[in-house]
Amino acid sequence: MVIESIRGFNRAVPFAPYEIQTASGKRYHVPHPDFISISPRGSFVVVIDSKDRPHHLSALLIERASLTNGHRRKARKRSG
């Protein structure tokens, strides 16, 4: 479940920035655990952006969470 991945990213030591992508394709950058809150049941997430604006996201619409800023997994080269 994506919410459990997000909780894992938040608890990582050391913390690595990540982003959340919704079903609409919109991406939300999480530079530090202070910029995100997850409801106790995991039904929604609130991400605070760099302009201090909250973005309320339904967990049902979150497609993935992935590391950013050089922390991405390297893509495999295709043999061709």
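The values are calculated or read from the model by the stated rules, or taken from the named source; none is laboratory data. All figures in this text were calculated on a predicted structure; none of them were measured in a lab. For neighbour counting, all protein chains shown are included, and Cβ atoms are generated from backbone atoms with ideal geometry for every residue, glycine included. Accessible surface is based on the protein model in full, side chains and every heavy atom, while ligands, DNA and RNA are left aside. Shrake-Rupley method; radii C 1.70, N 1.55, O 1.52, S 1.80 Å.
Kindly indicate which of VAL30, VAL13, VAL47 is loosely packed, with under 11 Cβ neighbours inside 10 Å, modelled with pLDDT of 95 or more and among the aliphatic types (A, V, I, L, M). Lay out the reasoning, then the answer.
Values: VAL30 fails: loosely packed, with under 11 Cβ neighbours inside 10 Å; VAL47 fails: loosely packed, with under 11 Cβ neighbours inside 10 Å.
Only one candidate qualifies: VAL13.
Taking into account only those residues within segment 57-76 that are under 16 Å from HIS29 (Cβ atoms) and open to solvent by 70 Å² or more (accessible area, probe 1.4 Å), which is modelled with the lowest pLDDT? The residue in question is ARG72.
Please state which one of SER24, SER37, SER50 is under 16 Å from ILE3 (Cβ atoms) and of a type in the set (S, T, N, Q).
Numbers: SER24 fails: under 16 Å from ILE3 (Cβ atoms); SER50 fails: under 16 Å from ILE3 (Cβ atoms).
Only one candidate qualifies: SER37.
Taken as a whole, the condition of being open to solvent by less than 50 Å² (accessible area, probe 1.4 Å), at pLDDT 95 or above, farther than 18 Å from LYS26 by Cβ and of a type in the set (Ser, Thr, Tyr) applies to SER39. Condition check: at pLDDT 95 or above, out of contact with any Gly (no Cβ under 9 Å at 6 or more places or on another chain) and small (Gly, Ala, Ser). Does SER79 satisfy that? Here the answer is no, as SER79 does not meet what is asked.
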